[in-house]
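To keep things clear, I will list the structure first and then write my remarks on it.
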Amino acid sequence: RRIGLGIMGFADLLYQLGIKYSSEEGYALAERVMTVIQEESHKMSIDLAKEKGEFPNWKLSVFAKDKKKAKMRNAALTTVAPTGSIAMMFDTSSGLEPNFALAYIKQDKDGEFYHYLNGHFEKALQKAGLSQERIDSVRQEVINKGTIQHLVDLPSALRDVFVVAMDINGSEHIKMQAAFQKHVDNSISKTINLPNSATLEDVKQSYIDAWRMGCKSCTVYRDGS
C-alpha cells in the first residue's frame, strides 16, 4: 500500500537556522531533509519486502525498470501533506509552506478567537538589541500587516529570514515545491501564492513552470480571488 511519510514545521526550521525560505540555501536544505526521509523509508520498505514480499504490482512499476533496485514492500512512501490543524496544535508551520503571517487570529467553529504570534520571531526581536518600545511597535505592525518587509529600519538579516507567504514570488514558491518533489514519491500539498496584480499569463506560466520543474501537481492562488 501507499503510505504518506512527510514533514511539517519546515518554515519554522528555517527561522531557527537563520535561512531565507526563498534562497539557494533554503532549497538545498529542503532537498537534504527529504533525501534522509526518502532513503530511510525506502530502506525499511526493502527490509519489509524481504520478510513479507514486494507489493503485487512490482513488475509493472517504475522501480522494476531499474534492475539494480531492490524490491520494496510499498509502492510509494513519502508525501508532504498540508498538516494545517496538526501544525496549529503543535504551534509550528504547516507542511513545507512558509508561514502565512507572523501574527494572525484564528476563529474556531464555536466562535472563539485565538491570537498567534510566531515564537521564533519574538525571540529574534529580543536578540536584535531593540528597545522594548520598538519591539512593542514592531509587534503591533506585525499584528496589523502580518509581515515586516515594510519596516525598512529593521536589520536586513531579520527581514530576509522572517518572510511570509506573500513576501515570496510565485517562481520562488514553485522552486521550493520542486526541491521537495525531487525526493518525494507522491505529489505534494503546496500553494503557489500570487499577488492580486497577477495576470492570466502569470497563472498560466506558474503551471507551466511547475510542470517543467518536475512537480506532480500544483495549486495556484491569486490573492483576493
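Odds and ends about this structure:
- Which numbered condition Ser171 misses (of (1) part of a helix (DSSP H, G or I); (2) without any contact (Cβ under 8 Å) to a residue 12 or more places away in the chain; (3) under 24 Å from the mean Cα position of the chain (by Cα)): (2)
- The residues listed here are Leu96, Leu102, Leu77; of these, the one that is under 23 Å from Leu14 (Cα atoms), surrounded by 15 or more Cβ atoms within 10 Å (Cβ to Cβ) and touching a Leu at 6+ places or on another chain (Cβ under 9 Å) is Leu102.
- Among residues of the range 144-178 being among the small types (Gly, Ala, Ser) and at pLDDT 95 or above, the one that is nearest to Gly129 (Cα to Cα) is Ala165.
- Test result for Glu24, surrounded by fewer than 13 Cβ atoms within 10 Å (Cβ to Cβ) and within 19 Å of Ile174 (Cβ to Cβ): yes
- Among all residues of the range 152-164, there is at least one that is in a loop (DSSP other than H, G, I, E, B), under 16 Å from Ile19 (Cα atoms) and in contact with a Pro (Cβ under 7 Å, 6 or more places away or on another chain).
- Only residues that are part of a loop (DSSP other than H, G, I, E, B) and either touching a Cys at 6+ places or on another chain (Cβ under 9 Å) or open to solvent by 90 Å² or more (accessible area, probe 1.4 Å) (or both) were counted in the range 198-224, giving 1.
- Taking the numbered list (1) open to solvent by less than 90 Å² (accessible area, probe 1.4 Å); (2) in contact with a His (Cβ under 9 Å, 6 or more places away or on another chain); (3) among the β-branched types (Val, Ile, Thr); (4) within 25 Å of Lys123 (Cα to Cα) in turn, Thr83 passes all entries but (2).
- Of all residues in the range 111-129 being at pLDDT 90 or above and part of a loop (DSSP other than H, G, I, E, B), the one that is surrounded by the most Cβ atoms within 10 Å (Cβ to Cβ): Asn118
The values are calculated or read from the model by the stated rules, or taken from the named source; none is laboratory data. From a predicted model like this one, the values you see are computed outputs, not experimental measurements. Heads up, the Cβs are rebuilt from the backbone with ideal geometry, glycines too, and the neighbour counts pull from every protein chain shown. All accessible areas refer to the heavy atoms of the entire protein, side chains included, with ligands and DNA or RNA removed. Shrake-Rupley method; radii C 1.70, N 1.55, O 1.52, S 1.80 Å.
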